[in-house]
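Right, one structure below, let's go through it.
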Amino acid sequence: MNQVEPGVQYNYVYEDDEYMIQEEEWDRDLLLDPAWEKQQRKTFTAWCNSHLRKAGTQIENIEEDFRNGLKLMLLLEVISGERLPKPDRGKMRFHKIANVNKALDYIASKGVKLVSIGAEEIVDGNVKMTLGMIWTIILRFAIQDISVEETSAKEGLLLWCQRKTAPYRNVNIQNFHTSPIQNYFKKLVLLFLMQDDPIGNINLAMEIAEKHLDIPKMLDAEDIVNTPKPDERAIMTYVSCFYHAFAGAEQAETAANRICKVLAVNQENERLMEEYERLASELLEWIRRTIPWLENRTPEKTMQAMQKKLEDFRDYRRKHKPPKVQEKCQLEINFNTLQTKLRISNRPAFMPSEGKMVSDIAGAWQRLEQAEKGYEEWLLNEIRRLERVEHLAEKFRQKASTHETWAYGKEQILLQKDYESASLTEVRALLRKHEAFESDLAAHQDRVEQIAAIAQELNELDYHDAVNVNDRCQKICDQWDRLGTLTQKRREALERTEKLLETIDQLHLEFAKRAAPFNNWMEGAMEDLQDMFIVHSIEEIQSLITAHEQFKATLPEADGERQSILAIQNEVEKVIQSYNIRISSSNPYSTVTVDDIRAKWDKVKQLVPIRDQSLQEELARQHANERLRRQFAAQANAIGPWIQNKMEEIARSSIQITGALEDQMNQLKQYEHNIINYKNNIDKLEGDHQLIQEALVFDNKHTNYTMEHIRVGWELLLTTIARTINEVETQILTRDAKGITQEQMNEFRASFNHFDRRKNGLMDHEDFRACLISMGYDLGEAEFARIMTLVDPNGQGTVTFQSFIDFMTRETADTDTAEQVIASFRILASDKPYILAEELRRELPPDQAQYCIKRMPAYSGPGSVPGALDYTAFSSALYGESDL
């Protein structure tokens with residue numbers, strides 16, 4: 001072992017990975033002058049305290065305070081960040097020696113070979129040995145790692161000082177004995193040694209270093225200026241603090257920039273999430289308000305009210321729903337874009353709040369369309385029902401009025417007992433008259449049954465005034481029953497009296513028998529000629545016209561019957577006149593007079609041409625409706641295939657593998673432009689459809705397309721082109737973010753298309769496995785299962801092209817991680833496990849510093865101080881690895 005000789009200064013330099021002793025002869029004058037010891041004592045004490053204060057302590061006398069080894073072990077723990085063996089707390093000498101030996105053993109374990117420095121010298125308070133030991137620690141832990149252009153620690157530190165002071169005049173650093181100390185703090189301190197006041201300049205530089213760089217004052221300016229050869233160790237120790245301070249500042253700036261980048265991405269993502277939540281809430285609220293309106297099936301009492309509901313529904317389809325279709329599509333696009341940005345920036349996927357997922361919005365939209373479809377069908381059925389109901393109600397009123405007119409006074413007639421004082425002839429007349437009445441009664445049986453049937457149908461169709469209809473029908477039926485009973489009783493009375501009476505004028509009887517059916521026929525004809533009709537096709541109106549022509553063909557025969565009946569009355573009058581009979585010429589057996597027959601016949605002849613005109617007008621209306629049907633069908637048969645062709649073109653474009661994505665995007669934009677320009681054809685078809693509905697045309701045999709089919713196809717086409725454009729935009733975003741070339745994208749598309757057996761833009765699990773094997777992946781079941789959780793996280797059994805691209809580029813992505821952000825915060829916090837608000841405000845821009853302060857939880861771990869913030873938990877939460 002080398003021995004320490006008197007009169008020799010020992011310097012410890014790092015050489016061949018071990019600390020060796022280098023002898024340097026000192027000037028005898030300097031050996032006798034203790035100035036170097038004073039400078040080292042002050043500098044080394046300040047350097048030790050700059051580290052010990054982190055543990056809440058300090059030293060006053062360097063050779064005394066290290067004698068028990070406790071603060072020496074604490075100093076080594078602070079500067080190394082490692083735990084030393086547990087110290088002995090006893091106060092005996094051997095306890096102190098044991099503690100110092102533990103410290104020296106630790107120094108030796110770091111590759112330092114200590115020569116002639118033993119625990120006894122340190123415990124005894126040997127100043128030179130204590131200073132030599134502290135210098136060894138400074139060399140190992142503060143200067144060893146300094147290297148500039150592969151120089152030694154001392155030479156590297158000297159070269160660093162020369163470079164930092166190169167831009168300034170009057171500064172020429174050649175060694176650490178006589179050159180000036182020069183410092184700068186960013187662009188603020190430009191101070192160097194000048195001849196006019198060197199001590200003042202050095203003191204000012206040291207004050208600035210202590211205030212702004214937290215470097216304690218380790219030297220006295222007088223010692224540096226007035227000493228011919230200042231101590232090199234003290235100078236190197238002080239200058240090394242400047243080197244580490246500036247290196248830490250550069251690390252802090254880099255760390256701050258990284259945090260700013262991460263926080264900017266996170267703030268933008270949070271803004272997009274909040275915007276999605278707001279738009280989703282508005283759309284779901286609109287759907288929530290609209291569905292009850294569409295599900296309301298309360299019928300109206302009149303056609304006008306139902307037509308108003310139909311018009312409101314048309315306004316909804318034309319004005320209110322289309323903007324919501326665009327909002328729904330844009331919401332899906334924003335959601336996909338946000339998820340892509342989160343995936344590219346290595347953030348967890350965005351999970352909207354409960355009930356606001358894209359699937360929830362799609363489900364609510366499906367319920368809306370289901371209610372909408374049922375509502376339109378209900379409206380049309382209700383209009384048909386009201387049309388039928390009003391027709392039947394008018395028909396009921398006409399038939400009931402006719403019957404009530406006929407039945408008026410019949411009960412009083414049947415209750416008369418005129419036959420009791422009548423002659424035989426009069427009785428016979430009364431009997432025949434009663435027989436005629438029975439014939440008339442039987443003829444009205446069909447009308448009463450029709451009235452009852454119409455009332456029953458009105459009840460089945462839920463007619464709003466069914467109560468009054470039922471009441472009127474019941475009165476007619478009750479009266480009819482009474483008439484039947486009274487008729488039977490009168491017949492029995494007349495038959496009892498018939499044996500007492502003589503013959504009755506046969507001519508009157510014949511007139512009555514023939515006049516009553518004819519009169520009934522004329523009433524029926526007038527009723528039929530005035531009967532309302534409703535048809536929906538040319539065939540139906542043609543059928544009515546044919547029936548009317550057949551009726552007109554029977555008029556000559558009816559006219560013959562009329563003349564025959566009138567001839568009977570003429571014969572009666574002729575007989576009376578011929579035989580001078582003193583009876584009235586009026587027919588006692590019939591209530592139908594000649595005037596009645598003439599008047600009703602004239603009425604029938606007047607109604608025939610009126611009926612002709614109404615039938616021809618209806619025929620013209622049906623021809624107009626047929627033209628509307630053909631016009632609608634011609635457009636629908638052209639628009640339907642056009643929409644289908646565009647869907648097929650978009651599908652082919654989405655799977656093509658030639659050309660750049662930008663070219664594919666331009667092609668899709670052109671498709672979108674053509675589709676938007678085609679909207680005029682849809683609007684024109686909507687106009688024709690409205691004319692058809694206003695004309696109450698409900699079927700069209702010339703086309704299989706309905707307006708609902710066209711609407712659904714058009715909305716699907718708009719949604720498909722928007723989604724396809726979004727998919728290509730996402731692929732461009734992924735390509736640019738991941739650094740993928742167009743050739744790689746084409747290869748990915750070619751591989752995907754090859755294994756997409758169904759050609760539907762999706763691969764099932766077996767297709768995806770075959771694709772990976774073809775690309776050289778060696779897949780076990782566990783590895784394949786892990787990959788499937790990445791490309792098919794929802795377990796739907798299929799892999800999309802976007803998921804395929806994300807998987808192929810995931811491993812090579814250059815993204816930030818939670819560990820990197822934690823390391824950046826640790827630099828800003830000067831290696832503390834927490835960070836203070838003032839440190840964030842000093843290192844970060846104001847808005848992002850405030851963002852961290854607001855969201856960062858309080859730190860409660862070891863060494864916590866008031867206001868301490870936990871940057872580890874905050875960084876983990878940014879990447880979804882923990883919950884704040």
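Show the residue pairs that are 6+ apart or on different chains and have beta-carbon atoms under 6 Å apart, the first residue being within region 467-486 and open to solvent by less than 60 Å² (accessible area, probe 1.4 Å), the second being part of a helix (DSSP H, G or I) and of a type in the set (D, E, K, R).
Taking only residues 6 or more apart or on different chains, the pairs are Leu483/Lys410.
Tell me yes or no: at least one residue of region 749-761 is at positive phi, of a type outside the set (Gly, Ala, Ser) and surrounded by fewer than 14 Cβ atoms within 10 Å (Cβ to Cβ).
Within region 749-761 (the criterion being at positive phi, of a type outside the set (Gly, Ala, Ser) and surrounded by fewer than 14 Cβ atoms within 10 Å (Cβ to Cβ)), the answer is yes, since at least one residue qualifies.
With the requirement that a residue be surrounded by 15 or more Cβ atoms within 10 Å (Cβ to Cβ) and of a type in the set (D, E, K, R), what does region 650-681 give you?
Glu672
Applying the selection to region 220-234, what residues are at pLDDT below 75 and in contact with a Lys or Arg (Cβ under 9 Å, 6 or more places away or on another chain)?
Answer for region 220-234, where residues must be at pLDDT below 75 and in contact with a Lys or Arg (Cβ under 9 Å, 6 or more places away or on another chain): just Asp223.
Just to check your reading of the model, which residue among Lys211, Lys217, Lys261 is outside any helix (DSSP H, G or I) and out of contact with any strand residue (DSSP E or B) (no Cβ under 9 Å at 6 or more places or on another chain)?
Just one listed residue meets the conditions, Lys217.
Scanning region 220-258 for residues that are assigned to a loop (DSSP other than H, G, I, E, B) and open to solvent by 30 Å² or more (accessible area, probe 1.4 Å), which turns out nearest to Tyr871 (Cα to Cα)?
Asp220
Yes/no per residue for (1) among the aliphatic types (A, V, I, L, M); (2) touching a Gly at 6+ places or on another chain (Cβ under 8 Å); (3) modelled with pLDDT of 85 or more:
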{"residue": "Val592", "(1), (2), (3)": "yes, no, yes"}
{"residue": "Asp596", "(1), (2), (3)": "no, no, yes"}
{"residue": "Ala599", "(1), (2), (3)": "yes, no, yes"}
{"residue": "Ile610", "(1), (2), (3)": "yes, no, yes"}
{"residue": "Ala620", "(1), (2), (3)": "yes, no, yes"}
{"residue": "Glu626", "(1), (2), (3)": "no, no, no"}
{"residue": "Ala636", "(1), (2), (3)": "yes, no, yes"}
{"residue": "Ile650", "(1), (2), (3)": "yes, no, no"}
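Any chance you could count how many residues in region 328-348 are more than 9 Å from the chain's Cα centre (by Cα), touching a residue at least 24 places away in the same chain (Cβ under 8 Å) and open to solvent by 10 Å² or more (accessible area, probe 1.4 Å)?
Here the count works out to 9.
Could you identify the single residue in Arg367, Arg447, Arg388 that is in contact with a Ser or Thr (Cβ under 9 Å, 6 or more places away or on another chain) and either open to solvent by 40 Å² or more (accessible area, probe 1.4 Å) or not hydroxyl-bearing (Ser, Thr, Tyr) (or both)?
Arg447
Anything in region 71-87 that is in a helix (DSSP H, G or I) and of a type in the set (A, V, I, L, M, F, W, C)? List them, or say none.
Across region 71-87, the qualifying residues are Leu72, Met73, Leu74, Leu75, Leu76, Val78, Ile79.
How many of the residues making up region 799-809 are in a strand (DSSP E or B) and crowded, with 18+ Cβ neighbours inside 10 Å?
Selection size over region 799-809: 1.
Confirm whether Leu30 is open to solvent by less than 50 Å² (accessible area, probe 1.4 Å), modelled with pLDDT under 85 and part of a helix (DSSP H, G or I).
yes
Return the pairs, sorted by first residue and then second, in which the second residue is exposed (fewer than 14 other Cβ atoms within 10 Å of the Cβ) and among the β-branched types (Val, Ile, Thr), the first residue lies in region 370-396 and is in a helix (DSSP H, G or I), the beta carbons are less than 8 Å apart, and the residues are 6+ apart or on different chains.
Close Cβ pairs satisfying both conditions: Leu386/Thr302; Glu387/Ile534; Arg388/Ile534; His391/Ile534.
Thr734: touching a residue at least 12 places away in the same chain (Cβ under 8 Å), under 20 Å from the mean Cα position of the chain (by Cα) and part of a helix (DSSP H, G or I), yes or no?
So Thr734 fails the test.
Going by the structure shown, is Glu743 of a type in the set (Asp, Glu), farther than 25 Å from Glu332 by Cα and open to solvent by 20 Å² or more (accessible area, probe 1.4 Å)?
Taking the combined requirement at face value, the residue satisfies it.
Inspect region 88-106 for any residue being assigned to a loop (DSSP other than H, G, I, E, B) and surrounded by 19 or more Cβ atoms within 10 Å (Cβ to Cβ) and give the result as yes or no.
No, there is no match, as no residue in region 88-106 is assigned to a loop (DSSP other than H, G, I, E, B) and surrounded by 19 or more Cβ atoms within 10 Å (Cβ to Cβ).
Pairs, please: C-beta under 7 Å, at least 6 apart or cross-chain, first residue farther than 21 Å from Lys229 by Cβ and in region 36-54, second open to solvent by 30 Å² or more (accessible area, probe 1.4 Å) and assigned to a helix (DSSP H, G or I)?
Short answer, once both residue conditions are applied: His51/Val78; His51/Ile79; Leu52/Lys71; Leu52/Leu74; Leu52/Val78; Lys54/Val78.
Using beta carbons and a limit of 9 Å, which pairs, at least six apart or on different chains, have the first residue in region 842-853 and more than 10 Å from Leu263 (Cβ to Cβ) and the second one among the charged types (D, E, K, R) and part of a helix (DSSP H, G or I)?
Filtered contacts from region 842-853: Glu843/Glu253; Gln850/Arg841; Ile853/Arg841.
Looking at region 301-340, which of its residues are assigned to a helix (DSSP H, G or I), closer than 27 Å to Ala466 by Cβ and among the β-branched types (Val, Ile, Thr)?
none
Among the residues of region 702-718, is there at least one that is farther than 14 Å from Ile643 by Cβ, in a helix (DSSP H, G or I), modelled with pLDDT under 90 and touching a helix residue (DSSP H, G or I) at 6+ places or on another chain (Cβ under 8 Å)?
no
The values are calculated or read from the model by the stated rules, or taken from the named source; none is laboratory data. Everything numeric here is computed off the predicted structure, so don't read it as measured data. Quick reminder, even Gly has a Cβ in these numbers, built from the backbone with ideal geometry, and neighbours come from all protein chains shown. Just so you know, the surface numbers come from the protein's heavy atoms only, side chains and all, with ligands and any DNA or RNA stripped out. Shrake-Rupley method; radii C 1.70, N 1.55, O 1.52, S 1.80 Å.
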